[in-house]
Amino acid sequence: MATAAAPAGFSLAKLPLAGKIGFGAFLVLLVGLGYWVIFYTEVSAKIDTANRQTGELQQQLAQAEQSRSSYLVDRDELVMRQQRQRELNKILPADAEAAAFLSSLQQVSNVSGIDLKAWQPMDEQAQTYFAVVPMKLELTGRFHQIAKFIYEVGKLDRIINVANIELSEPSVVGDDIILKAKCLATTFHTLKPKAPPAGQPGQPPAAGAPGAPAPVAPAGGAKP
């Protein structure tokens, strides 16, 4: 009894040339498709992610540059304001600074060549926005020296006025006439803001004051 022949297996050698070329092209296409799916898609996604991150970083960098520019502008403005405040403090300080006031007058007297004999600080006089700080002076010198003293005082950074000038007791010393002068030197300083007293609008009145709410009795009543 004869047995059936086994089917012949697939053999590339049995294909014609055109079939071999087509089969090879199919394999190349299959490999290329696998490469594109496996590698190119992943790389493309990474590139898109990197591009998106680059855009975000560039936007953050632009915002940081803008913030830096604003900071530099604010810093320069703060430095200018502080400089102006220092200059204003020289002209109109926040305190009387009596020692600095007298020191300035003594320096001007040395430059002018007069002899500052005596000085007497007087009580401050509070005004609406500033306080007046007067000081009586007694000095001696030639007329042009006294005039130079008054002129140089007016050139100081701090505001100082010289008034009530009295010249007396001229005396001849060599070829010069020495005069005795009395005057009132006045400077100023700003007033510190005062805290509002209690009971101002917007503040509750003190306990027991007229208009204050009565204390609330405890629940159930309190026994005396």
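Quick note: the coordinates plus some simple rules give every number you see, no bench work behind them. A quick note: this is a predicted structure, and the numbers were derived from the prediction, not measured. When we count neighbours, we look across all protein chains shown, and the Cβ atoms used for this are built from the backbone with ideal geometry, even at glycine.
Assuming 1.306 mPa s and 10 °C, estimate D for the stretch 17-143 with Stokes-Einstein, Rh taken as the Kirkwood radius over Cα pairs, in µm²/s. Stokes-Einstein gives a translational diffusion coefficient of 67 µm²/s.
Note on S168 and L184: the extension gain reaches 4.2 nm, defined as 0.36 nm multiplied by sequence separation minus the Cα-Cα distance. The orientation-averaged projected area of the convex hull spanned by the Cα atoms of the stretch 49-92 comes to 2.7 nm². A cut-off of 5 Å between modelled amide H atoms, ignoring neighbours fewer than 5 places along the same chain, links R142 with L179.
Applying 1/(1 + (r/R0)^6) with r as the Cβ-Cβ distance of K192 and T128 and R0 = 22 angstrom yields a FRET efficiency of 0.95.
Relative contact order for the stretch 81-174: 26 percent, from Cα pairs under 8 Å spaced at least 6 residues apart, divided by residue count. In sequence order, the stretch 147-158 has phi-based couplings of 5, 5, 4, 5, 5, 5, 4, x, 9, 5, 4, 7 Hz under the Karplus curve 6.51 cos²θ - 1.76 cosθ + 1.60, θ = phi - 60°, and Gly or Pro positions carry x.
Residues in the stretch 78-89 carry Karplus couplings, in order, of 5, 4, 5, 5, 5, 5, 5, 5, 5, 5, 5, 5 Hz; the curve used is 6.51 cos²θ - 1.76 cosθ + 1.60 with θ = phi - 60°, and Gly or Pro positions show x.
Only Cα sites of the stretch 98-190 enter the Debye sum here, all with the same form factor; the resulting log10 I(q)/I(0) across q = 0.17, 0.20, 0.24 1/Å is -0.70, -0.92, -1.25, listed in q order. For the stretch 19-91, a crude dipole built from +1 on the beta carbon of Lys and Arg and -1 on the beta carbon of Asp and Glu, taken about the Cα centre, is about 180 debye to the nearest 20. Within the stretch 19-91, the percentage of alpha carbon pairs spaced more than 20 angstrom apart rounds to 67%. Residues whose amide H lies under 5 Å from that of V132, counting only those 5 or more places away or on a different chain, are Q125, A126, Q127; hydrogens are built 1.01 Å from N in the peptide plane.
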